[in-house]
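So the structure is just underneath, and the comments pick up after that.
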Amino acid sequence: MNKPKSPIGRLPIELLVLILDHVIHTYRCTVNHADSLWKLKQELASVSHHWRNVILNSPTLWTTIVVSKSQNSQLVEMCLKRSKEVLPLDIEVEGGYRDDRASLSAPLDAVMRFAHRWCSLHVTDARFHDKSPGDYVVKKINHLNFPLLRQVVIPEVGTFPRFLLPVYSPVLEHLQLGYHPAWPSFVPAPTLKTLHLKFGYPRSQSALDCIPTQALTTLSLSGQVDGWLLEPQSVHFPHLNKLILSVNAIHQFLVAVIVPNLEHFIYSPSEPPSVTFADLGSKFSNVYHLSLLGGRYQGIDCNEAVCLSKAFPSARHIEVGHQNGLRLVIPWRHYIYPYGNDYPNVDVWQQLETLTLQDLSSIQGKDFEYLSGWMEK
């Protein structure tokens, strides 16, 4: 009875709650099953009476509400009750491949009563047979107002998400969405800071019609675009810091945008740099982090690395994801004549500090030999 408490038993409750919340959040990021998350809370609560009382009486540990086949409406109602019905809620909807809509109806109805508390919404991209769960969720909640909603992730949806319009979600800051060309004019809240759009089908009109530009710091575009219909220097992103592109006809987009504060550029090459970055001048002179991930094309010659280095003269950190990407950094002719004198100037990246190689399985042993020889030069 006189033994001192263990160090963890002497922690202030506020600090213990922070630790438990970190454990639960980290576990949630690695395991995508609601029942596993529930079992984790049970295991943590069984450590001691003190932990049990802390977990059951800490509303912040119950603000993530998972809507799934394994979470019946009673469990959802219990989580809502333990969150004290005042804190903002993070809603996660899990649609399994064998689920039907009825399995989500009751728990989704339960959380919809608290739409005024939703802080985030994350819908998985698994399908109901041939339908995306995103469509089902959007149809259910499209008539609601979300005054606190700041983050939405719906990777695939064909239904027009009216609830994302500023009148319904006025403080939205982070959006990841599968975008459908059949939607009417869609412009989400001008408060958006990060936007990830995946175009489900080629678009015949400007793909930037739906993008509020003034507050964006991160923009990611992927999919097929059937013509941008943009005038040169016509789209201004005053605060854009990170640009991620995996779309076709990238040159037309780059000619149109003004990005004075861009520092991080990520793209999947589909055309040679001499085509992609032709006549762009010093538009990307502030970019210090360049990532060449994915994408393959034929016909790399010794000038492509030179063209790329001219487009990004201030690049200090470069990532490449495959063999072709590495050959966009090392002048191609140096591969052919690695020990001779017939190669262009190797000093093409004058401010390069780090070179990161990903997906090493596609890079052959001789590539490392050439890389070593090039770096020595």
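The values are calculated or read from the model by the stated rules, or taken from the named source; none is laboratory data. These numbers come from a predicted model, not from an experiment. Cβ coordinates were reconstructed from backbone atoms using ideal geometry, including for glycine residues, and neighbour counts include every protein chain displayed. Calculation scope for accessible area: heavy atoms of the full protein, side chains included, ligands and nucleic acids excluded. Shrake-Rupley method; radii C 1.70, N 1.55, O 1.52, S 1.80 Å.
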Please tell me if LEU104 is at pLDDT below 90 and over 20 Å from CYS210 (Cα atoms). yes
Selection count, the range 262-285, where residues are of a type in the set (S, T, N, Q) and either under 20 Å from the mean Cα position of the chain (by Cα) or under 17 Å from GLU319 (Cα atoms) (or both): 2
Given (1) part of a helix (DSSP H, G or I); (2) in contact (Cβ under 8 Å) with a residue 24 or more places away in the chain; (3) of a type outside the set (Val, Ile, Thr); (4) closer than 22 Å to HIS116 by Cβ, LYS139 misses just (2)
Take ASN341 and tell me if it is within 24 Å of VAL275 (Cα to Cα), at pLDDT below 70 and either open to solvent by less than 40 Å² (accessible area, probe 1.4 Å) or in a loop (DSSP other than H, G, I, E, B) (or both). no
Among residues of the range 234-248 being farther than 16 Å from VAL287 by Cβ and hydrophobic (A, V, I, L, M, F, W, C), the residue nearest to the chain's Cα centre (by Cα) is VAL247
State whether one or more residues within the range 5-21 are out of contact with any helix residue (DSSP H, G or I) (no Cβ under 6 Å at 6 or more places or on another chain), open to solvent by 20 Å² or more (accessible area, probe 1.4 Å), part of a strand (DSSP E or B) and at pLDDT 90 or above. no
Among the residues of the range 232-251, write down those that are modelled with pLDDT of 85 or more and touching a Leu at 6+ places or on another chain (Cβ under 8 Å). VAL235, PHE237, HIS239, LEU240, ASN241, LYS242, LEU243, ILE244, LEU245, SER246
Working carefully through the options VAL111, VAL171, VAL152, find the one that is under 28 Å from THR60 (Cα atoms), at pLDDT 90 or above and in a helix (DSSP H, G or I). VAL111
Say we look at the range 47-61 and pick out the residues that are in contact with a helix residue (DSSP H, G or I) (Cβ under 7 Å, 6 or more places away or on another chain) and of a type in the set (S, T, N, Q); which of these is most open to solvent (accessible area, probe 1.4 Å)? THR60
Can you tell me which residue is least open to solvent (accessible area, probe 1.4 Å) among those in the range 174-198 that are in a loop (DSSP other than H, G, I, E, B) and among the small types (Gly, Ala, Ser)? ALA189
Check off (1) hydroxyl-bearing (Ser, Thr, Tyr); (2) over 29 Å from ILE8 (Cα atoms); (3) open to solvent by 40 Å² or more (accessible area, probe 1.4 Å) for THR64 and give me the number that stays unchecked. (2)
Restricting to the range 156-168, what's the tally of residues that are open to solvent by 40 Å² or more (accessible area, probe 1.4 Å) and part of a loop (DSSP other than H, G, I, E, B)? 5
Take the residues in the range 81-101 that are at pLDDT 75 or above and crowded, with 20+ Cβ neighbours inside 10 Å, then tell me which one is farthest from VAL152 (Cα to Cα). SER83
Looking at (1) within 18 Å of the chain's Cα centre (by Cα); (2) charged (D, E, K, R); (3) surrounded by fewer than 17 Cβ atoms within 10 Å (Cβ to Cβ), which is the only condition GLU231 fails? (1)
